[in-house]
1. Could you state the number of Å between the C-alpha centres of the range 220-295 and the range 135-208?
2. Which ordering of Val39, Val162 is given by a fewest-first count of other beta-carbon atoms within 10 Å?
3. Counting only other residues whose beta carbon sits under 14 Å from that of Phe276, what net charge do I get with K and R as +1, D and E as -1?
4. Need the full-extension length gain, Asp275 to Ser221, defined as separation in residues times 0.36 nm minus the C-alpha distance. One decimal, nm.
5. Counting each DSSP H run of 4 or more residues in the chain as -39500 (n - 2.57), what helix-only mean residue ellipticity at 222 nm follows after dividing by all residues, to the nearest 500 deg cm²/dmol?
6. List the extent of the Cα atoms of the chain along each of their three principal axes, largest first, rounded to whole Å.
7. To the nearest 10 degrees, how steep is helix 6-25 against the longest Cα principal axis of the chain, on a 0 to 90 scale?
8. How would the range 175-249 be classified by its alpha-carbon gyration tensor: rounded, prolate or oblate, with rounded meaning a/c under 1.5 and the a/b versus b/c comparison settling the rest?
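Just so you know, all these numbers are worked out from the coordinates, no wet-lab data involved. Everything quoted here is computed from the prediction, not taken from an experiment. Cβ placement follows ideal geometry from the backbone for every residue including glycine, while neighbour counts extend to all protein chains displayed.
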Amino acid sequence: MKPVTGSKLISSALIALFCLQCAYVFGWGNEGHEYVNRVAAEKIPVEMPRFLRRAVAELTYLGPEPDRWRSPSEYALKNAQEPDHYIDLERVAWLDPLPPGRYEFYRKLYEKRATTTDHADDYLPERVGLQPYITMEIFGRLKAAFREYRHRREAHQPTGPVEHAIVFYAGWLGHYVADGSQPLHTTIQYNGWVGPNPKSYTTEHGIHALFESTYVAQNISTKDFANLVHPPEHLDDPFADYIAYLKESNRLVENVYAIEKAGGFTGKGSPEAFDFTTHRLAAGSQMLLNLWYTAWLDSAVPPETAAGTAKNSSSK
Ligand SMILES: [Zn+2]
């Protein structure tokens, strides 16, 4: 690196500060997000609608879509959606199980914040992150759209418009599911180790982008992990299964740091880095495929039947 002076140094510092923010919310780079969606799309089983199996290009394009919503030129959008990409699970270890609805989660966090004296703002919803909530909300949109598709087919009505909606929801869903397979999107250790550090892991703010963007773009392609993704399974409790998926991701946070410390993500990387990263990408594709499949199957159940089993429901 060349020595830098004066204004160059200041602008470098500003860029670094800006990129610290970017790195927090990205969640796999463009390539990783496209890969996760593409591999899932190519594995859609024949019992699902043919228009969706043919939408591989659209589903792939939509993988990085929410990362296109982060420009300061659309401030309200940027501000509203940034916490959707992560959840710091260590901050909610006291809240088990997590409540199923976004606003119940907010209430629990504000109650916790009110009784906390040290760093109380760490419990603000936007600091903790809302990853499982946005995921379940889009899953719900997809299921509702599949239900509409079934109704229109039964009524011999045109299905083109609802097919477009389904492709959009399915692709959009893929973004957050992929973020959830990236361990650094589930942790306070999202970009440099914080707190006690007996193993001397990096505290620099570069590990997040190095792993999910630079390393993946230079070393991984879809063929490296497509064979790790199996036919989909129906999820009996999508929210609980999704939380378990995030917790599994969180258990692997330290592996990311250990691989980085050994230089595994630098240049062509190490065999360990390759194995770890391909399995994480495959976990993302598998969960996405399972959620698509579950939304499709569950959309055949009349909502009145499903609503009859829902607890604590209320409406205005
Ligand atoms: Zn993201």
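1. Here the two parts' Cα centres lie 13 Å apart.
2. Result, fewest neighbours first: Val162, Val39.
3. -4
4. Residue separation times 0.36 nm, minus the Cα-Cα distance, leaves 18.2 nm.
5. Working: 14 runs with 175 residues, N = 316.
That calculation yields -17500 deg cm²/dmol at 222 nm.
6. 70, 49, 38
7. So the helix axis and the longest Cα principal axis differ by about 30 degrees.
8. Oblate, since a/c reaches 1.5 and b/c is not below a/b.
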